[in-house]
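Student: Right, I'll just put the structure down here and ask away after.
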Amino acid sequence: MNTKKVLIILAHAVVGWALCGAIMFTGMALLPMQTTLIVHAVGAPIIFTLLSWLYFTRFNFTTPIQTAIIFTGFVVLVDFFLVALVINRSLEMFTSPLGTWIPFALIFASTYLTGLAITGREGKEVFAA
């Protein structure tokens, strides 16, 4: 796996995280928090399904399970280190299943299932050169 491939995969994860962040930012300005969290939980898998479709149809460097781990792991890490620790200065967001854990699970599932549907690969391969 070369640097260009890693950057392409991470770029997709960044776009997905940013779009989910835009849902949260806009929703918190316009809607009650509970409604914002519901919209985010619905929007996150839609966003990552579309990004996964784009990734698997154009690039497809990794297996569906690897891609799901990378996308979800990126979102979890940025939410923890940037959103929780730097922006919110609190880990309270991780106490909300609807605010974090359900969207994380849906991001993983939507990425994995989209990858399986497009590639038919079940994750038996290792990173290809």
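Student: Which condition does Phe25 not pass, out of (1) surrounded by 13 or more Cβ atoms within 10 Å (Cβ to Cβ); (2) within 19 Å of Leu82 (Cβ to Cβ); (3) over 15 Å from the mean Cα position of the chain (by Cα), if it passes all the others?
Tutor: The failed condition is (1).
Student: Mind listing whichever residues of segment 81-93 are surrounded by fewer than 15 Cβ atoms within 10 Å (Cβ to Cβ) and over 13 Å from Cys20 (Cβ atoms)?
Tutor: Matches in segment 81-93: Phe81, Leu85, Val86, Ile87, Asn88, Arg89, Ser90, Leu91, Glu92.
Student: Within segment 76-91, does at least one residue satisfy the condition of being modelled with pLDDT of 95 or more and touching an Asp or Glu at 6+ places or on another chain (Cβ under 6 Å)?
Tutor: No: zero hits.
Every residue, every condition in (1) at pLDDT below 95; (2) under 26 Å from Asn2 (Cβ atoms); (3) part of a helix (DSSP H, G or I), yes or no:
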position: Ala41; (1), (2), (3): no, no, yes
position: Thr72; (1), (2), (3): no, yes, yes
position: Arg121; (1), (2), (3): yes, yes, no
position: Ala128; (1), (2), (3): yes, yes, no
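Student: Still on this structure, please answer the following. Against the conditions (1) part of a helix (DSSP H, G or I); (2) among the small types (Gly, Ala, Ser); (3) more than 27 Å from Asn2 (Cα to Cα), where does Ser90 fall short? Just the number, please.
Tutor: Among (1) part of a helix (DSSP H, G or I); (2) among the small types (Gly, Ala, Ser); (3) more than 27 Å from Asn2 (Cα to Cα), the lone unmet condition for Ser90 is (1).
Student: Filtering segment 56-70 down to residues that are within 18 Å of Ala44 (Cβ to Cβ) and without any contact (Cβ under 8 Å) to a residue 60 or more places away in the chain, which residue is surrounded by the most Cβ atoms within 10 Å (Cβ to Cβ)?
Tutor: Thr67
Student: A follow-up question, please. Which number in (1) assigned to a helix (DSSP H, G or I); (2) of a type outside the set (Gly, Ala, Ser); (3) at pLDDT below 95 marks the one condition that Met1 misses?
Tutor: Going through the list (1) assigned to a helix (DSSP H, G or I); (2) of a type outside the set (Gly, Ala, Ser); (3) at pLDDT below 95, Met1 breaks only (1).
The values are calculated or read from the model by the stated rules, or taken from the named source; none is laboratory data. In this text, all values refer to a predicted model and were calculated from it rather than measured experimentally. So basically every Cβ, Gly included, is an ideal-geometry build from the backbone, and we count neighbours across all protein chains shown.
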